[in-house]
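Each remark here refers to the structure printed beneath this line.
The values are calculated or read from the model by the stated rules, or taken from the named source; none is laboratory data. In this text the structure is predicted, and so the values were computed from the model without any measurement. Glycine also receives a Cβ, built like all others from the backbone with ideal geometry; neighbour counts cover every protein chain displayed. Keep in mind that these areas ignore ligands, DNA and RNA; they rest on the heavy atoms of the full protein, side chains included. Shrake-Rupley method; radii C 1.70, N 1.55, O 1.52, S 1.80 Å.
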Amino acid sequence: MSKLAERPLLVVSSDEVIARLGGDVPENAVLAFDADGTLWSGDIGIDTFETLLADAAIRAETLPALREQAQQSSLELRDDANEQARVLYEGYQRGLYAEELAFPMMAWAFAGYSPAELRAFATKVIDRVGLRGRLHGEVLPVIAWAKARAIPLYVVSASPSFVVRTAIDLLALPFADVFAMLPAMDGDRIAPRIVPPVTYGAGKTAALQKGVPGTILLGGFGDSVFDLAMLNAARIRVAVRPKPELVRQASACPGLIELLRHP
C-alpha cells in the first residue's frame, strides 16, 4: 500500500461550514458527529472505564469473557475480574490489545449492571471530569443551525452507548439518537457482549445506515482516521481538531475541510 501524501487542510469558520451545508439540503438530510474529540475534548468512554478500574467496580459476570479476550491477545490470565480488566487495558495502552477489541470491551465490561446503575455511574463520571467545560465551542453554531432547520443530528461513537447518551442528555445537546457501543442484555442486566454493528471504523457508517436507512448524510464531523469511512460517506466532510494521523491521511478523504477552532 502506498503511503498517503501528507497535505494541509483548508481551515474554515463555522459560518463557512454552515454555508456549505446549506447550499443544497435534501429533504432527508442528516448530520453525523463523532463524540470524543469532536463534540468535546478527551474520551468519555476511556474516562468511564478508568473510573470503573479505579473503583474496582467490575463484576464477576465479566470474568470469562475478559479471560477469553486476554487469551486471544496472548496476555496474562487472572482469576479476578478487575485484575483481568486492568491487564487488558494495559495491553491496549501498549498496543498489545487491538482497539477494535478494546473499545467494545469497555462497554460490555459493565456486565451485571442494570440500565439505571449504568446511568448513575455515567452521570458520576461526566460530573467528575467536567465534560461541559470540554465542549468544543466551534461545533455549537453548526448544531444550532441544524436544529433551526429541523435537520436531524446523530452521534456515532466508539464509546459505550450509555455514557454517550447520558452525556448528550446532561449537556442538553439536540441529537435525535446515538449510535455507539451497545452492550447486549440478559434479562434486565448487561451481558458481556456487544450488539452489532461494532461502531468502530467502517462500523460507524454501518450503524448509521442501519439506524436511519434511506437518509442522506449531508455533513460528517470527525477527528480521527477511525472516522474516515463516515466522513467519506458525507457530502460535506469536516475535521474537528483533527488528530495528526487524520491530517496525514487527508488525501483518503477528498474535500475534507477543517473547522476553525474556537478560541
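Yes or no, residue by residue, for (1) open to solvent by 70 Å² or more (accessible area, probe 1.4 Å); (2) polar (S, T, N, Q); (3) in contact with a strand residue (DSSP E or B) (Cβ under 6 Å, 6 or more places away or on another chain):
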position	(1), (2), (3)
V25	no, no, no
G37	no, no, no
D43	no, no, yes
L52	no, no, no
P64	yes, no, no
Hey, G255 open to solvent by 50 Å² or more (accessible area, probe 1.4 Å), of a type outside the set (A, V, I, L, M) and at positive phi or not: yes
Filter result for G112 (open to solvent by less than 70 Å² (accessible area, probe 1.4 Å), more than 15 Å from D43 (Cα to Cα) and not in a loop (DSSP other than H, G, I, E, B)): no
First in region 237-255 and without any contact (Cβ under 8 Å) to a residue 60 or more places away in the chain, second anywhere and part of a loop (DSSP other than H, G, I, E, B) and surrounded by 16 or more Cβ atoms within 10 Å (Cβ to Cβ), Cβ under 6 Å, 6 or more apart: R237/C253; R237/L256; L246/S224
Unmet requirement for S73, which otherwise passes all of (1) in contact (Cβ under 8 Å) with a residue 40 or more places away in the chain; (2) in contact with a Phe, Trp or Tyr (Cβ under 6 Å, 6 or more places away or on another chain); (3) among the polar types (S, T, N, Q): (1)
Which listed residue is of a type in the set (K, R), touching a helix residue (DSSP H, G or I) at 6+ places or on another chain (Cβ under 6 Å) and modelled with pLDDT of 95 or more, from R20, R59, R78: R78
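So that you can scan it fast, the table gives a plain yes or no per residue for (1) surrounded by fewer than 23 Cβ atoms within 10 Å (Cβ to Cβ); (2) of a type outside the set (G, A, S):
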position	(1), (2)
L96	yes, yes
V139	yes, yes
S159	no, no
F179	no, yes
D188	yes, yes
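From the list A150, A172, A146, which one is within 30 Å of G219 (Cβ to Cβ), buried (at least 20 other Cβ atoms within 10 Å of the Cβ) and modelled with pLDDT of 95 or more?
On inspection, the qualifying residue turns out to be A146.
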